Amino acid sequence: MPLSSTSTSSSPSSSTTPSDSVSSSHAKPALSRVEKRQQNTMAARRYRQRRVDQLKNMEEELRKVQQERDELKMRVSKLEGETEALRSLVGREKK
């Protein structure tokens, strides 16, 4: 009797083990696909955020450069006015 109970208990457990291993082998790739999809989603989200941040930084840099350009144009205009005034003064003195 112990042999039959052992073989009966081992038979269900051995039939459970292969089905568990088959189920786990099928479930593991599905789980890994889900995990890979989640990782890809997070990577895409990080990439998009990085791109938005880069665009904001570039826009800020552009604004600063445009402001500097405008200030330099004003300075050039002022200096050209001073130069013209000085030339006219020098021209009057020579006459």
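Since every read-out is calculated from the coordinates, none of them should be taken as a lab result. Please read these numbers as outputs of a predicted model, since none were measured by experiment. Quick reminder, even Gly has a Cβ in these numbers, built from the backbone with ideal geometry, and neighbours come from all protein chains shown.
List of remarks:
- Total formal charge among the other residues, if their Cβ is under 15 angstrom from that of Ala85, Lys/Arg +1 and Asp/Glu -1: -1
- Net +/- balance of residues flanking Leu55 in space, Cβ distance below 13 Å, scoring K and R +1, D and E -1: +1
- Maximal additional length on extending the Glu35-Leu79 stretch stands at 9.3 nm, based on 0.36 nm per residue less the C-alpha distance.
- Within the stretch 32-74: backbone nitrogen closer than 20 Å to the Arg87 label point (7 Å, Cα to C-beta): 73-74
- Environment charge at Glu71 (Cβ cut-off 14 Å; Lys +1, Arg +1, Asp -1, Glu -1): +4
- Bridging of Lys56 to aspartates and glutamates at a Cα separation below 19 Å is possible for Glu68, once same-chain residues fewer than 8 apart are set aside.
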